[in-house]
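The values are calculated or read from the model by the stated rules, or taken from the named source; none is laboratory data. Owing to the predicted nature of the structure, the values given are computational and were not obtained by experimental measurement. Note that each Cβ is placed from the backbone with ideal geometry, even for glycine, and that neighbours are counted across all protein chains shown.
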Amino acid sequence: MSTYFFRTNIHGLGNMAQVKAHLDRWEQSKEIDTWHIDMTNPESPLQIVTQQLTPDQVKHRIRELGVDADFIKPPETRDRGDDRTRGGRP
């Protein structure tokens with residue numbers, strides 16, 4: 001099982017409703033296991049958990065919906081890296 005994160009341009013309820021319908025369909029067909037979009041974050045990160053699709057396949061499908069999707073590292077990984085470099089301590 002793999003978890004992928006994408007920065008997106010999903011904003012507003014209309015845009016979210018369109019994307020949600022497709023993600024729900026992919027979930028029902030077992031192409032993805034779960035998904036989540038953090039609409040409180042300005043980058044609107046999309047998290048996809050899947051056993052079948054590669055990050056490029058997910059990215060392509062999301063872009064077919066007219067949504068920008070750029071692969072990013074998990075948010076906690078990005079934050080930890082920044083914290084470790086503060087103050088000159090490892």
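At-a-glance table
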item: Residue list for region 1-19, restricted to those being free of Cβ contacts under 8 Å to residues at least 12 places away in the same chain and not small (G, A, S); result: L13
item: Filter result (crowded, with 16+ Cβ neighbours inside 10 Å, over 12 Å from F5 (Cβ atoms) and either at pLDDT 95 or above or not hydrophobic (A, V, I, L, M, F, W, C) (or both)) within region 55-74; result: R61
item: Pairs where the first residue, in region 61-72, is assigned to a loop (DSSP other than H, G, I, E, B) and the second is among the β-branched types (V, I, T), C-beta under 7 Å, 6+ apart; result: L65/V19; V67/T8; V67/I10; V67/V19; D68/T8
item: Hey, N9 in contact with an Asp or Glu (Cβ under 6 Å, 6 or more places away or on another chain), at negative phi and exposed (fewer than 13 other Cβ atoms within 10 Å of the Cβ) or not; result: yes
item: Options Q47, Q28, Q18: the member that is at pLDDT 90 or above and farther than 18 Å from F71 by Cβ; result: Q28
item: Residue tally, condition touching a strand residue (DSSP E or B) at 6+ places or on another chain (Cβ under 7 Å) and over 15 Å from K73 (Cα atoms), over region 38-57; result: 1
item: Subset tally (residues that are loosely packed, with under 14 Cβ neighbours inside 10 Å and touching a helix residue (DSSP H, G or I) at 6+ places or on another chain (Cβ under 6 Å)) for region 12-54; result: 0
